[in-house]
Amino acid sequence: MPVFVNDANCAARAELEVGVAVGVEHAVLVTLGTGIGGALIADGHVVRGAAGMAGEPGHMLVDPNGPLCVCGLHGCWERYASGAGLRYLGGQAAEAGELQGVMAELEGDISALRGEHITRAARLGDSEAAAVLDRFAWWVAVGMANCAMSDPELIIVGGGLVRDWDLYGPRVQRKSSARICWRPNTGRPYGSSRRWPVRPPVPSVQRSSRDTSQGSDRSPAIERPTAEVRTAQPSNTASALSMAWA
């Protein structure tokens, strides 16, 4: 049994063994939390790379003129599409005079703003918070589309932010699908031999009937052309969401 010291690689191994990636040969796992982690599955195995960091997308460049990241570089995906990224986008909105309801709750203290304030307000119908989540979904989608360059059968999304996936996930799928380069007149993305519908379906939501008290359940999947979402807690990790690009 191989030993993994990278948490995202461990999560990918769990998905291969008991989760949504059982029977899958090629997949990408992305964990959206305070930062962004990830793992790459190829030929049914977790790819470690030279230093165990293969498939880590958090610090890929998405904006050359973007803000400074904790890694010391500018414009990393993590700077926009993580929990910290949601807080950053919310701060930008507050400085521009938006998020008035949230800022009233925080007595105008932008430094106290957290992603949870934005998602809670959006869930309560705050249109300005929903607009921030829409911008957040756009940045998540940019990175997801880039992750599709490895031609996966499945993109698995996990981490703490999937708790609010219903607020922004459908927009991520639509926006990421729109950014994938399609081969003209084939309905296939570049680099893939599979036929994908050019217009992805709107996913339906369905919870697995498996007994979640046993600590594992099948993860959610958004599939083409018959899309659905299923939720799970694979191997006692955070709830995972998967998008099957088949």
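The table below lists the values:
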quantity: Label point distance in nm, M149-A54, each placed 7 Å from Cα along Cα→Cβ; calculated: 1.6
quantity: Ellipsoid semi-axes in whole angstrom, largest first, where each is sqrt(5λ) of the Cα gyration tensor of the stretch 1-149; calculated: 33, 16, 13
quantity: Integer Hz, Karplus 6.51/-1.76/1.60 couplings in order for the stretch 100-115, x for Gly and Pro; calculated: 5, x, 5, 5, 5, 5, 8, 6, x, 8, 5, 5, 8, 5, 10, x
quantity: Accessible heavy-atom area order of D7, D109, highest first, probe of 1.4 Å; calculated: D7, D109
quantity: Environment charge of Y168, counting only residues whose C-beta is closer than 13 Å and scoring Lys/Arg +1, Asp/Glu -1; calculated: +3
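The values are calculated or read from the model by the stated rules, or taken from the named source; none is laboratory data. Owing to the predicted nature of the structure, the values given are computational and were not obtained by experimental measurement. Reconstructed Cβ throughout: ideal geometry from the backbone, glycine too, with neighbour counts over all protein chains shown. Side chains are part of the model used for accessible areas, which takes the heavy atoms of the whole protein and leaves out ligands, DNA and RNA. Shrake-Rupley method; radii C 1.70, N 1.55, O 1.52, S 1.80 Å.
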